[in-house]
Each structure stands twice: as C-alpha cells, then as structure tokens.
1. Please compute the contact order of region A:92-218 in relative form: average sequence separation of alpha-carbon pairs under 8 Å and at least six residues apart, divided by the residue count, as a percent.
2. How far apart are the A:Ala62 label points across copies, placing each 7 Å from Cα toward Cβ, in nm, shortest first?
3. Using DSSP to call loops (not H, G, I, E or B), can you name the trypsin sites (Lys or Arg not before Pro) in region B:86-184 whose Cβ has at most 12 other Cβ atoms within 10 angstrom?
4. Give the Debye-formula value of log10 I(q)/I(0) at each listed q (0.14, 0.24 Å⁻¹), with one equal scatterer per alpha carbon of region A:194-286, two decimals each.
5. Grab the DSSP H runs of chain B that are 4 residues or longer, score each as -39,500 (n - 2.57), total them, divide by all residues and round the 222 nm result to the nearest 500 deg cm²/dmol.
6. Assigning unit charges at the beta carbon (Lys, Arg +1; Asp, Glu -1) and nothing else, what dipole magnitude in debye, to the nearest 20, does chain A show about its Cα centre?
7. Restricting things to alpha carbons, tell me how big region B:216-343 is in terms of Rg and Dmax, in Å.
8. Over all residues in B:287-300, what is the mean tally of Cβ atoms on other chains that come within 10 Å of each residue's Cβ?
There are 2 protein chains.
Amino acid sequence: MNGRLISASRVPVRQSSVRAHNLALVLQTVGNSADRPSRAAIAARTGLTRATVSALVDDLIAGGLLVESEPAPRTGAGRPAAGLGLSPDGPAGLGLEINVDYLAACVVDLTGVVRHRFVTRTDQRVLPPAEALAALDALAARARFAAEADGLVLAGAALAVPGLVTPGGLVRVAPNLGWQDVDVPPLLPGLADLPIAVDNEANLAALGELRADGAEPSFLYVSGEIGIGAGIVLDGELYRGGRGWSGEIGHVTVHPGGRPCRCGANGCLEQYAGQEAVAADPDLAAGSLGIALSAVVNLLDLGVIVLGGGYAPEFDRLREGIEAELRRRVLTAGLAPVTLRAATLGSDAAMRGAADVVIRGVREDPAGWLARVQAV
Amino acid sequence: MNGRLISASRVPVRQSSVRAHNLALVLQTVGNSADRPSRAAIAARTGLTRATVSALVDDLIAGGLLVESEPAPRTGAGRPAAGLGLSPDGPAGLGLEINVDYLAACVVDLTGVVRHRFVTRTDQRVLPPAEALAALDALAARARFAAEADGLVLAGAALAVPGLVTPGGLVRVAPNLGWQDVDVPPLLPGLADLPIAVDNEANLAALGELRADGAEPSFLYVSGEIGIGAGIVLDGELYRGGRGWSGEIGHVTVHPGGRPCRCGANGCLEQYAGQEAVAADPDLAAGSLGIALSAVVNLLDLGVIVLGGGYAPEFDRLREGIEAELRRRVLTAGLAPVTLRAATLGSDAAMRGAADVVIRGVREDPAGWLARVQAV
C-alpha cells in the first residue's frame, strides 16, 4: 500500500479501509479520464505502485466495474498498453419519479448512459398513495426486467417525489399529490431486495442538471410541473437546508391576498406559474415567476437560473417576461446580469438525477459493491 | 517542532509556517479555554512539547497577545502553575458603521470586551459621500485616541456600510445613502496607516450575532434600519453569495405594483418595513416582514430568524404579526416551527461584528501581528 495515502489522514487506518479507499481512487481516476488510461498511467496519476494498481484493477474488472480493451494502434514505436474504461455491463442505477400526472423510470449504467426509459401518463391525484405506488412498482419491474435482459445488475433505486421527504423515505407532505406521512419503501415490494432512496424531485433534478455537461457550479434549478420546486446548488453541492426541506419556491408568496393554494396559504407562486397556469396565461406566469426568482437572486446572489421540468419546453414563451422582472427587481441587475437558461435534461432531470445518485454510490464505494457481488 | 502537526498536511511545510501555525494553535487554545491554562496544560491539549509551548508563549507574551498570572491558590499539595489568558492590553479592533441616520465606532480588545463606543446621530442622505466619510473619519480618530490612551494598539479597522461592497472596499451601490461607486478607504485618511476592511452592514451584524453567547449555527439575521438587509449564516459560516451580495431582503417584492422604492423597483419590503414604515404602521410592517421571511424559510429551510438593528427594540410590537404570516405561509410550519428572536447585540451588532473581524484576524494569524510589532 502506498504511504502517501495513509499519511493523509491523522486517524489510524485499517488495511481494509486503505483497500476501499484505493479501489475508489482507481475507479474515479478511470471515470474522470478523457482517455482510456493504462495501468501504468493510473499508477502515475494516483501515486500508487504499479503492482498495487494491477491488483486493484483486477478486482474491479472481476466485479464488473472496469473493462480493459486494446487502444487504437500507435504509429510510433513500442507496444501500446491496454486501456481501461468504466464497464457499461456491470451495475446500473434505477431512477424513479412519481409526479402529479406521470410516473417515470430509467436505467442508467455506470458510464452514465441511459439504457432504458419509461414514462406513463396517469393522474395520481385520484388515487390513494398505495395504488399510485403500486403502479410505480409495476413500472419499476418493467425497467428492472429490461436492465436484466441486458445483463445489467441494479445496484439500487432512488425515487423522486414532489414533496417534503425525511432521510428514511417518509413523505411528510406532498400537497399536489394529496399525500401526508406516506412511508414509501414498504409500498414498493418489487424493490424490497434493493437499497432505495427517496428524495425531493427538485433536489434530484438539480443534481441531475449539475452532472450534465456544461453545468455551472452554482445555480437555482426550478422544476415546473403541476407544483413548483427548486434545487439550490452552491459551489457544486446541493444545499438541503436544516431539515432537507429547502427550495420550496412554489410556496413563495407572489400576490398576497391572491389565489388560495393547496397548502392552505394564498398567493403562492404555484397558483400563478404551475403547469396549468402557464397554459392559461403565460404572461402572468412569467411575471409571477420573475417576482419569485428576483427574490431568490436578491437573497442568494446566484448568477444562473435553470428552468426545468415542464418549464424547459416552454422556455422561449417564458423567458422575456421573467427577464423583464429580474431587470426591474434584482438590486444588482445593473452590476451583474443573471443568466436564465432551460435545463439540459428537460423533464427527465429528476429521474436521471435519481439514477445518478445510485451510480455515484457505486463509484464512490466500489468496495461495498464488490462485497455485495461476492456475497451473492 | 511537533511531528503530528507537520504530517497533517501533504505539502512541504517550511519552518516559518510551522511556527506561524503553532503560534495560532497556542493562542486559540488559550482563547477557547474556560479556565486560564498553564503551559503544561497547553502542551497536553495541543500535543506540542513543553519546550515548544514555552517558547511560543514567551513570544506571544512579548507581543502583547497573552498575559500570565498566578491562579487562585490551591488547597491541595503542590505549587500551582501560572495561568495564561488573552491580553486585554494588546491589539484591539476598531469597528465602524455608517448608516443612513447615524455614525458609530467601537474599540474591542483581544478578549472581546468593548472598551469604547461612540454613536453620533446625523443624516447622511443630505451629505455627499466624502463629507459623510470625513465625519466618520473624525469619529474614528476619537475612538483611536481613546484606545491609545488605554495603551491599546489598533490592529486594523472594519467598516459596515448599508450597500453592495466589493472586496477592495468599493461601495457599488448604497441606495439609502444615495451612493454609487464610492471608493471608501481613500476617504478615511485618519486610518491610512491601518489595514481597513469594508463590508455590508447586515453581513457584519450577522457575524457579530454569530459570535455572541448562545447563537445558533444557522440563522437569518435581519437588520432593520431605514433600509433592510440580511445576513445568512449556514453552519457557522456567513453565506456571501457569488459576488458577496447576498441577503438583499429589503428588495424582495412583497406587494407587486406597490410603493416605489429608491432602487427603481416597486413593492420592495423596505417600503413597508423600513424604520419609518414601522413607526407609521407596525401591523403592515410586521405582515410585510412575515411575507418576506416566509419566502426565506420556504427557500432555505432555516429554523431561526434573528431581528436586529432597529427591529431589536421593536421586537415585541412586531413578533405576533410576523409569526402569524410564518404559520400561514411556510409550507413546513406544521412540521418544524421557526424560532423568531431579537438580536442579542441590538443595533450595535454591525460595529461589533466589524471590530470582531479585526480581532479574529489577529487571533488566527498572531505571527503576522508579531511581525508588525517587531518591525515598528
């Protein structure tokens, strides 16, 4: 084992955790490489010895996390070394979303490629939570079947919900679904053998957007469906707030004394810029969004706003009205303009972000994955 | 030098920076102690050798940062060791504030005690920036004279301004002062020989409040003067935003189409809950504040709101109206109530926070201070 890596920490380190650390280091080095690095290149980049790298690479190949291939032949002298890449045939993440008027599932492999994608339009408002989740469980089973037919193994699942979720997967409130205190994991029996995470849909969508090409390190992601949520990304990290319930921009008051909201208050942004309101009056929607987004920029000094979910396809219709309000209401508008753009992933961002949470779990802890595979 | 401290870093460390690090470690250990620790106790707490601690302590005493005193005699056996404390007679911080209707200055010593405090009521709106700052320069000179009469040496000054400030001390906009692009340091010639920092007043007030006894690690600090600003503290750190211009809650829209604001927009919180508006109609002020604060809690999931500046003495008049709006408009109100409280430091928070920035600079870099003292 390499001394540099052990000395970086001040606490005693066991051999097993050194191996876990170094497995993750090698996997991340391959994952973050633009080329397909050789074992020697990995040794040079990590500072590990060649012998150590070779043993770790062998384990990662055996566990289905890396694949080795011959690089394109060189024109110069010398035998070209074999190149290593993330395996497209190993573990995969199952990303799920339940929203007011659709269910969605996708399978993303370790390289980040979406292998399967399913979307079903159904209105969850007319169903009790158990029935809505039974339909999602069936959709998840279809996605799982498709993944397994490809030879992929699901490493876990993550579910995006438009509501306030606790770390244990309890949905405290989802006003637009009409849910209150719904314990989700037991209602997805088809996934009982997998680790399952439940999180707010705007949070997961913001994470999906953060991982997309060209994403800025800090931005507000706004997800416009029937309800409206936001994910706040600061310096490459999702800001969750004290209890994980940040980003409830749909309930920011834009017209005090205005329309009643499902949450019990009135004048909430959701009542003026939710999907149905956008269809009815896009000018009012964009003006109301502009008021709420100006509040966010005044408070957080964010330079980028990303419109996602149902807003992405409506971006051109909404843009001008929002920008007019930002120019008018943001104190720093004349000093540092705000960039407004549509989400790269459109309305797939939440389920893509969910699948990505699973994949990142494997990439950050390959030792955990190897232990699971060996135990089977 | 002690091996543990060197090995904690992976980059090569020079002897001079090891000394600087260890000087800071010893000073912080004394500063954070409830008792007055002996040299032996410091060695035990830091892991440095006794000889190293003694040499460092001697330097810190010579530089006026520590004082050594006999502890209260013990009843048991053995000679009691001499105890060490921060010096109340060494470097001090000069905290300054310029606001719409007052100027303020305070001198805070290394132990955190306010040694001198000056407040002058004058209306800055009728003066050009150079004249307003000349009056502040005169007030700063009085504070400096008082500090030096005590034998204190000013380590630097920090100035709180109700506006958008760049790191170099340029005030880009201060709407309520009527300032635009005012380069502050050259207009304070009496402080030309001192390091001077300029920052937003709500930011400095939030830092002042954070350092006060019993402060929570995360809160929104709202400073209500003629204008209204906020400082956002997350996990013990001030959140500044992308350009340092976060917290402009005074320009959050609470009544679209409402009263025109000095910033050029209309319906800004400032027009409904600034100091003059509170005096005219405290119910409207509290309701408007409640709308804006609900937006903050919905967005940031903060559990504590601190009302400071001119709001602190009005707290009892404002509380009920704000809390009613929070209950009504915060989506999570039924799940996790928000604590509303008055600022501990009242309207002194900004200048206290400013002085504290100077003091913390010395406490975090005593080697820099010692080099300055030795060079004189």
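All of the numbers you see were taken from the coordinates with simple rules; none came from a lab. Note that the structure is predicted; figures quoted are calculated from it, not measured. Positions of Cβ are generated from backbone atoms using ideal geometry, with glycine treated the same way; all protein chains shown enter the neighbour counts.
1. On the way: 242 pairs, mean separation 30.8, N = 127.
The normalised contact order for region A:92-218 reaches 24 percent.
2. Taking the point 7 Å beyond Cα along Cα→Cβ, the inter-copy spacings are 6.2 nm.
3. Values: sites: B:Arg115, B:Arg117, B:Arg121, B:Arg125, B:Arg142, B:Arg144, B:Arg172; in loops: B:Arg121.
Passing sites in region B:86-184 are B:Arg121.
4. -0.57, -1.15
5. Working: 12 runs with 145 residues, N = 376.
Only helices count here, giving -12000 deg cm²/dmol.
6. Details: 32 positive and 40 negative charges, 255 e Å.
The calculated dipole for chain A is roughly 1220 debye.
7. Rg then Dmax for region B:216-343, in Å: 13.5, 38.
8. Values: counts 1, 1, 0, 2, 5, 5, 0, 6, 12, 5, 7, 17, 16, 11.
The mean count of partner-chain Cβ atoms within 10 Å per residue comes to 6.
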